[in-house]
Structure formats: structure tokens, C-alpha cells
1. Every residue in region 132-153 that is surrounded by fewer than 16 Cβ atoms within 10 Å (Cβ to Cβ) and either touching a Leu at 6+ places or on another chain (Cβ under 7 Å) or among the small types (Gly, Ala, Ser) (or both), please.
2. Scanning region 207-259 for residues that are in a strand (DSSP E or B) and closer than 20 Å to Glu148 by Cα, which turns out most open to solvent (accessible area, probe 1.4 Å)?
3. So in region 1-34, with the set limited to residues that are exposed (fewer than 11 other Cβ atoms within 10 Å of the Cβ) and within 21 Å of Leu51 (Cβ to Cβ), which one is modelled with the highest pLDDT?
4. For region 207-255, enumerate the residues that are out of contact with any helix residue (DSSP H, G or I) (no Cβ under 9 Å at 6 or more places or on another chain) and without any contact (Cβ under 8 Å) to a residue 12 or more places away in the chain.
5. Considering only residues that are modelled with pLDDT under 90 and not polar (S, T, N, Q), which ones fall in region 235-247?
6. Out of region 168-183, which residues are within 19 Å of Thr209 (Cα to Cα), modelled with pLDDT of 90 or more and either more than 27 Å from the chain's Cα centre (by Cα) or open to solvent by 40 Å² or more (accessible area, probe 1.4 Å) (or both)?
7. Which of the residues that make up region 154-167 are touching a Leu at 6+ places or on another chain (Cβ under 8 Å) and open to solvent by 60 Å² or more (accessible area, probe 1.4 Å)?
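The values are calculated or read from the model by the stated rules, or taken from the named source; none is laboratory data. The shown structure was predicted, so the numbers you read here are calculated from the model rather than taken from an experiment. Note that we place each Cβ from the backbone using ideal geometry, even for glycine, and neighbour counts take in every protein chain shown. These accessible areas exclude ligands, DNA and RNA; they are computed on the full protein's heavy atoms, side chains included. Shrake-Rupley method; radii C 1.70, N 1.55, O 1.52, S 1.80 Å.
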Amino acid sequence: MTLGLGFDSQFAESWLRQSLDLGLVIALTFLVLLAVRDRRTLWMVRGLIVLMVAAAIAERCQFRLLNFVLDKLVVGAALAMSVVFQSEFRRFLEQLGRGNLLPSIGQARRVSDAADRAIDRIVDAVKELSQQRIGALMILETNELMDERDFAVPGVKLDAELSKELIQTIFQNTTLLHDGAVFIRGDRVVAAGVILPLSDRTASRQLGTRHRAAMGITERTNNCVCIVVSEETGSISLAESGILDRPLTSSKLKELLEIKFAPISERESVAPNLRTLGRKFSSRGMMIFRRLLQPPKNK
């Protein structure tokens, strides 16, 4: 009888330890997927998770050769992702250090709603600037607050309500602020005349300083996208993660901005699955735990 109770307690302790281990892994995975907003990066993270799960199963089943190969693949994939997605990992570590890895969903929705209201005004202004061949550079803050220390020069503070007329006025050649960038947060113009760091990448000769500046700031931080209007050709470009999407029509620009400023929808495509898995795992775990704690029935 004593041996049976000891075996049951050891089994329960081992099961609890494994359950806690699995729960912590699921929680960490959930946090990483919340921090990832780019769809391409999201799929790569999910692929890495699949490799890790496969390696764990191979180790559990004592498939030594398969486990060896999968372990090497996991290490190689992790190193490759750390090089390719430096900015994403930097953002994840910054959020982890600041303690705001779990942002408020309601706050994120309010920011997104404010950006959605501003998209029409921005696109209308860009369309007219493009038709008039007036050069322009706009920084649009996306999700987290940007650190203005990433700018070479912060520019002139405005904190004005965003409007098509204001944007067009700033970029007129007769104004003192037309050479810099306009910094937009939600439906407010935070600053104008912002000087951005230039990208070190080798770019086409058709790209001017505005394009290199848009590439440079989006390489440095993932909290923004940049809209560029070429002064020579009037073509419209959108920079994200150091990559220029060009040339764009005004309707295509609006479509891309609407997708970019709806990060909640992408997160919800992953988070509900994890929440459902967590609920199922928790309910099953509690049921088994109760059965283990029940005293044995006398026969």
C-alpha cells in the first residue's frame, strides 16, 4: 500500500512538472507571436515552432538520428532568423525589458481606429502631391511609440490635427520645412522638418535622398512605415523594414495602409488558437489532477 502511494505521488509530481514545462513553453510562444506583426516573420516563427515540437517528439520516442538532425535544423533556423529579422528581435527584447510585452488590446484598437480615420486624408494629400510632382516624405507610426532618438534631427514640434491641406502646405517648396519628413501619429501631425538617417544599402540611381531616408528609418525601427513622393517623377513609394514598394497608385497605397494599420486581425488569427489550446489543456489537466488526488476506492 505504501509502495502504491509513493508511486502515485511520484507520478503526480512528474506529471505536474511536465505540465508546467509545457505550459511555460506555450505561454512563451504566445508572447512571441503577439510581438510578431509581420506576416512573413509570423510564418517563419511558426515553422521554427514546428521544428522544435518535432525535435521534442523525436527525443521522446528515442529516435536518435532524427533527433540529431532536427536539433541541428532548429539551431540553424534560429541563427538564420536572428540575422534576417534583427529588428523584430530587437523590438521583442525592448518590449521584454520595458515590461510591456502584453499591450492592452483596447489601446491597440484605439490607435488603429485613429489611424484608419487618417488614412483617407493622407492618401488624398499624397495623390495631389503626386499629380503636382511635389516631393514629400511622411513617417507613419504604427503600433508602439517611436523613440525620437532614432531620428537624426527631431524637427519642429507641431502637434496639429492631420489634414490634407496641412500636409500639402508643409511640402510646398516655399516653406522652410519642406525638405524634411512629417511625423504622423494616429490623426495628429507630431512634427515636421524631421531629418532621418540614410540607408547604407546600395540603391538604384533613380532613388533620391527621400527614398534612402525612408529605407534608413524603417531599417532602424519596425514601429513605422514611410510614404515617399518623388519630386522628379511623382511616383509613390511605401517603405517598410528597409524595403521600398514602388511605384504605387493611390488606391494601392490605401489598401496597403489599411492592412498595415490593422495588426489586431493578424494577431487574432493566431491568438485564438493558442487560447483554445490553453483552455483545452487546462481543463484536461484539472480533470486528470482531480482523479489523481481522489483516494483509492475500497474493493
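1. Ala152
2. Ranking the qualifying residues of region 207-259, first place goes to Glu240.
3. Taking the candidates together, the pick is Leu24.
4. Answer for region 207-255, where residues must be out of contact with any helix residue (DSSP H, G or I) (no Cβ under 9 Å at 6 or more places or on another chain) and without any contact (Cβ under 8 Å) to a residue 12 or more places away in the chain: Thr209, Lys252, Glu255.
5. Glu240, Gly242, Ile243, Leu244, Asp245, Arg246, Pro247, listed by residue number.
6. Ile170, Phe171, Gln172, listed by residue number.
7. The answer is Val156, and nothing else.
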